[in-house]
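Data first, discussion second: the structure below is written as C-alpha cells.
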Amino acid sequence: MDTRAAAQGRADALSAFKTTFRQLAPYKHRYEVFRDFVTMAACSLHNGLHQGSDPETWPDPAQKREQEYLSIAKGYKPEDLREFGTLLGALIAALDEEPRDVLGPLYMELEIASKDQGQYFTPPELSEMMARMTVAPDLVSKLEHQPFITAGEPACGAGGMILALVKVMTEAGHDPARKLWVQAIDVERMAALMCYIQLSLWNVPAEVIVGNTLSWEIR
C-alpha cells in the first residue's frame with residue numbers, strides 16, 4: 001500500500017472510531033466510556049494469552065483482569081458492549097500500516113483529556129521527529145553488532161515515543177518483536193493501558209508499569 005492509500009485508510013478507520021464512540025452509551029460520560037474501552041481492551045489483550053483454558057485456573061493477575069472486565073461490562077447495554085468490539089477493530093485498522101500513537105491524539109481530539117491534571121499527548125509527527133533526531137539512530141545502529149536493544153520511557157503516555165522508535169527500526173529492516181525490549185512507566189493508569197494496547201498490537205516486548213518514576217512508587 002502506498003503512503004497516500006495508507007493515510008486514507010488510517011483516516012477512514014479514525015473516522016469510524018469517532019463516529020462509533022460518539023454514539024456509544026449516551027447515558028455515560030465520554031471520559032468514562034473512553035476509560036472503559038481502554039481498560040477492557042487491555043484486559044482482553046492480556047487474557048487472550050490464556051484463551052481456551054478455564055478462567056478459574058488462570059494466574060491471579062489474569063483472574064483480576066477478567067473480574068475487572070466483567071464488572072465494567074455490567075454497566076453497559078448489550079448493544080453498546082458489541083460496539084466496543086467495533087472500536088477495537090477501528091483502532092487495529094488505524095494502527096495497521098504504521099506504528100504511531102493513535103489513542104493519545106484521539107483522547108485529545110474527543111476533548112475528554114483531563115485539563116486539571118495537565119494531560120497532553122505529544123502528536124505522532126513530533127514524536128517521530130524527536131525519535132529520528134535523538135535516540136533512534138544511536139539505538140538502531142547498535143543492532144549492527146548486538147542481537148537486540150533496550151529502551152526506557154519514564155513518562156510513556158500512550159507510547160508515542162516508543163512507537164516512533166519502532167517505526168525507525170522497521171524502516172531499517174529490524175523486527176521489534178525480536179530485537180527490542182522496552183520498560184515503559186506512567187503515573188496515570190489509563191495512559192499506561194493505552195501504551196500497553198498499542199505496543200501489544202505492534203508485538204513490542206515490553207514491561208508497562210503504572211507508577212511514579214521519580215519516587216519508584218509502583219502501583
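The values are calculated or read from the model by the stated rules, or taken from the named source; none is laboratory data. Source: prediction; values computed, not measured. We place every Cβ from the backbone using ideal geometry, glycine too, and count neighbours over all the protein chains shown. Please note that ligands, DNA and RNA were not included when accessible areas were found on the heavy atoms of the full protein model with its side chains. Shrake-Rupley method; radii C 1.70, N 1.55, O 1.52, S 1.80 Å.
Determine if segment 52-75 includes at least one residue that is part of a loop (DSSP other than H, G, I, E, B), of a type in the set (S, T, N, Q), open to solvent by 40 Å² or more (accessible area, probe 1.4 Å) and at negative phi. Let's see the steps before the verdict.
Step one: of segment 52-75, the residues part of a loop (DSSP other than H, G, I, E, B) are 52-54, 58-59, 74-75.
Right, trim to of a type in the set (S, T, N, Q) and you get 53.
With the extra rule that they be open to solvent by 40 Å² or more (accessible area, probe 1.4 Å), the set shrinks to 53.
Restricting the remaining residues to those that are at negative phi gives 53.
Taking every residue of segment 52-75 in turn, at least one turns out to be part of a loop (DSSP other than H, G, I, E, B), of a type in the set (S, T, N, Q), open to solvent by 40 Å² or more (accessible area, probe 1.4 Å) and at negative phi.
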Open item on the list: I'd like the full set of residues that are free of Cβ contacts under 8 Å to residues at least 40 places away in the same chain and either over 15 Å from the mean Cα position of the chain (by Cα) or open to solvent by 40 Å² or more (accessible area, probe 1.4 Å) (or both), limited to segment 190-204.
Closed with: 203
TODO: Quickly run through segment 187-219 and pick out the residues that are more than 15 Å from residue 39 (Cα to Cα) and of a type in the set (D, E, K, R).
DONE: 207, 217, 219
Open item on the list: Given the condition basic (Lys, Arg), open to solvent by 50 Å² or more (accessible area, probe 1.4 Å) and over 13 Å from residue 131 (Cβ atoms), answer yes or no: does some residue in segment 182-189 qualify?
Closed with: yes
Task: Residue pairs meeting the criteria (Cβ under 6 Å; at least 6 apart or on separate chains; first without any contact (Cβ under 8 Å) to a residue 40 or more places away in the chain, in segment 141-162; second polar (S, T, N, Q) and open to solvent by less than 50 Å² (accessible area, probe 1.4 Å)) - done: 161/127
TODO: From (1) within 22 Å of residue 159 (Cβ to Cβ); (2) at pLDDT 95 or above; (3) not basic (Lys, Arg), pick out the condition that doesn't hold for residue 83.
DONE: (1)
Task: Unmet requirement for residue 110, which otherwise passes all of (1) surrounded by fewer than 18 Cβ atoms within 10 Å (Cβ to Cβ); (2) over 20 Å from residue 160 (Cβ atoms); (3) touching a residue at least 24 places away in the same chain (Cβ under 8 Å) - done: (2)
Task: segment 78-103, residues that are open to solvent by 40 Å² or more (accessible area, probe 1.4 Å), part of a helix (DSSP H, G or I) and touching a Lys or Arg at 6+ places or on another chain (Cβ under 9 Å) - done: 93
- [ ] Name the one entry in 145, 174 that is surrounded by fewer than 17 Cβ atoms within 10 Å (Cβ to Cβ) and out of contact with any strand residue (DSSP E or B) (no Cβ under 6 Å at 6 or more places or on another chain).
- [x] 145
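Listed residues 161, 129; which is among the hydrophobic types (A, V, I, L, M, F, W, C), in contact with a helix residue (DSSP H, G or I) (Cβ under 8 Å, 6 or more places away or on another chain) and open to solvent by 40 Å² or more (accessible area, probe 1.4 Å)?
On the way: 129 fails: in contact with a helix residue (DSSP H, G or I) (Cβ under 8 Å, 6 or more places away or on another chain).
Being among the hydrophobic types (A, V, I, L, M, F, W, C), in contact with a helix residue (DSSP H, G or I) (Cβ under 8 Å, 6 or more places away or on another chain) and open to solvent by 40 Å² or more (accessible area, probe 1.4 Å) holds for just one of 161, 129, which is 161.
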Open item on the list: Restricting to segment 1-37, give me the number of residues that are among the aliphatic types (A, V, I, L, M), within 16 Å of residue 111 (Cβ to Cβ) and part of a helix (DSSP H, G or I).
Closed with: 2
